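First the structure, in the form of C-alpha cells, and then the observations on it.
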Amino acid sequence: MIHVQHLLGIGHLQRSLQLAAALAQQEFQVELVSGGMPRAVATPGTVRVRQLPPLYSADSSFKHLLDADGNEIDDAWRDRRRQQLLDLFTAFAPQVLITETFPFGRRMLRFELLPLLQAARDSDSCVQVIASIRDILQPKSKPGRNREICELIEKYYDRVLVHGDETVAQLADSFAPAQRIENKLYYSGYICASEPMSPAADEGNGEVLVSAGGSATGLRILQTAIAAKPLSILHNLRWRLLVSPAVSAAKFEELQRRAGPGIRVERNRPDFSELVKRAHLSISQAGYNTVTDILSSGTASVVIPFAEADEIEQTLRALRLQDRGRLVALAQQDLNADTLARAMAKADKGHSAFAANLDGARNSALMVSRWLAATEAGS
C-alpha cells in the first residue's frame with residue numbers, strides 16, 4: 001500500500017498522478033492525498049484521491065496561506081487539517097509514504113507534515129518514507145535552511161527520488177549539501193505526460209507553438225511573440241498561441257485582436273504534449289512539465305525561463321539543456337520582438353537530439369517496489 005502526499009501546485013499534482021498510476025501498475029494500492037485547490041484532472045481508476053480542505057498561497061512568497069474562500073488560515077484551521085491528514089494515514093496504514101517536494105520545499109506546511117512523518121516512523125506498517133522532488137530546486141537563501149533539510153532527511157527519510165536525469169542536472173547543482181545525503185539519492189529520469197490526448201489528424205503540423213503561464217511574464221511572452229512574427233524567418237508558418245486560464249477574458253480578447261493573419265489564439269489545451277511534437281518550433285517558459293514535453297519531442301525550442309521573485313529554477317534547467325544543444329534559452333530581461341526572432345532563427349538552424357531519460361514514472365515505481373521487497377526480506 002502506498003500513500004502519496006501532495007500539497008500545492010497543479011503541475012506537481014499531474015506529476016504525482018503519473019507516479020501514482022505507475023505504482024498502481026506494480027499492483028500497489030495507492031492513495032493520493034491532495035491539499036491544493038481542486039482541479040479537473042484525469043485520475044487513474046486504480047488510484048484513490050483524497051482531498052484535504054484546500055489551501056493556496058496568496059503570492060509567490062508562500063508566506064500567506066489562504067483557504068478555499070480566500071481567508072488566511074489560522075491555528076484552528078491548521079489543527080483540523082492536520083488531524084484529517086493523520087486520520088487518513090491511520091485508516092490507510094500504508095507500507096510506503098511519499099511526500100512531494102517536502103522537506104526541500106513546502107516549509108509552510110510543517111504544521112502537518114512533521115506530525116505525519118513522525119506518525120510514519122512510529123507506525124509498524126510504514127517501512128519506507130520517500131521524498132519525491134523534481135530535477136532542479138530553488139536554492140535556499142536563508143542561512144541554516146539547507147542544514148535543516150538534511151537533518152529532516154536523516155531523521156525521517158529512507159530515500160530521496162529525484163525526478164530528473166543526472167546527465168542533465170545533479171541535485172548538487174541546486175542543493176549545495178547534496179553530498180551529505182548522497183547515500184539516499186536516486187535519479188528516476190523525468191516524469192513525462194502519459195497517454196496524451198491527440199488533436200485532429202492534421203492539426204498543429206508544422207506550426208510555431210507559443211505557450212506560457214498565467215503570470216504577467218507569461219502574458220508578455222505571448223504579446224512579444226505576436227510582435228516577433230513579422231521579424232521571424234518563420235513568419236510564413238501558422239502560429240498558435242495557447243493562453244492560460246489564469247489570463248483574464250479581457251486580456252485574452254486583446255491578444256486575439258492583436259494577433260493578425262496567420263496567428264490562432266486559444267486557451268490551453270489538454271493535447272499540448274502532442275501539439276509540441278507536431279510543431280515546427282516551440283516557444284515557452286522552462287517549467288518542469290513543459291520541458292519534459294519538449295524533451296519528448298524532436299521539436300526545435302526557445303524557452304524564456306520564469307525569473308521573478310528571485311526564482312532561478314527554470315533558468316538553471318534551461319541553461320543545462322542549452323549547454324547540451326537541445327534548446328535556446330532567452331533570459332526574461334532580454335525578451336523583446338527582435339531578440340525572440342533571433343533566438344528562433346538560432347533554434348531553427350539546428351538542435352541536438354539529446355536523449356534524456358524520460359521514463360521516470362515507471363523507473364520510480366520499480367525502485368519503490370524493489371526497496372519495499374528488500375525491506376520485507378530483511379525483516
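Bear in mind that the values in this text are calculations on the coordinates, not laboratory data. Note that the structure is a prediction, hence the values are computed from the model and not measured. Positions of Cβ are backbone-derived with ideal geometry, glycine not excepted, and every protein chain shown enters the neighbour counts.
Taking amide hydrogens as placed 1.01 Å from N in the peptide plane, the amide H of CYS192 sits under 5 Å from those of GLY360, ALA361, each at least 5 positions away in sequence or on another chain. Among residues other than VAL168 with Cβ under 10 Å from its Cβ, the summed charge is -1 (Lys and Arg +1, Asp and Glu -1). Taking other residues whose beta carbon is less than 13 angstrom from the beta carbon of LEU327, and scoring Lys, Arg as +1 and Asp, Glu as -1, yields +3. Angle of helix 313-323 to the longest C-alpha principal axis of the chain, folded into 0 to 90 degrees and rounded to 10: 60°.
Highest GNM mean-square fluctuation among ALA286, ALA93, ALA20, for the chain modelled with Cα contacts below 10 Å: ALA93.
Measure nothing but the geometry: give the 0 to 90° angle between the long axis through the Cα atoms of 75-92 and the longest principal axis through the Cα atoms of the chain, rounded to 10°. For helix 75-92, the angle is close to 70 degrees.
Estimated from helical segments only, the mean residue ellipticity of the chain at 222 nm is -11500 deg cm²/dmol, where each DSSP H run of four or more residues counts as -39500 (n - 2.57).
Near LYS142, which aspartates and glutamates are there with a Cα under 17 Å away, not counting those fewer than 8 places off in the same chain? Candidates past the 8-residue exclusion: GLU151, ASP310, GLU311, GLU313. Sort the range 208-349 into rounded, prolate or oblate with this rule: let a ≥ b ≥ c be the square roots of the eigenvalues of the Cα gyration tensor; rounded if a/c is under 1.5, and if a/c is not under 1.5, prolate when a/b is larger than b/c, oblate otherwise. Rounded, since a/c falls under 1.5.
What relative contact order, as a whole-number percentage, does the chain give when Cα pairs under 8 Å and 6 or more residues apart are counted? Numbers along the way, then the final one.
Working: 703 pairs, mean separation 57.3, N = 379.
After rounding, I find 15 percent.
For the cross-link pairs LYS277/LYS346; LYS251/LYS277; LYS63/LYS140, the ones whose C-alpha atoms lie over 21 Å apart are LYS251/LYS277. Karplus-derived 3J(HN,Hα) values for the range 107-116, using 6.51 cos²θ - 1.76 cosθ + 1.60 with θ = phi - 60°, are 4, 5, 9, 4, 4, 10, 7, 5, x, 5 Hz; glycine and proline are entered as x.
Using only alpha carbon pairs under 8 Å that are at least six residues apart, calculate the relative contact order of the range 163-319 and give it in whole percent.
On the way: 234 pairs, mean separation 38.3, N = 157.
Answer for the range 163-319 is 24 percent.
In loop segments of the range 17-93 as defined by DSSP, the GluC sites (Glu not before Pro) with at most 15 further C-beta atoms inside 10 Å of their C-beta are GLU27.
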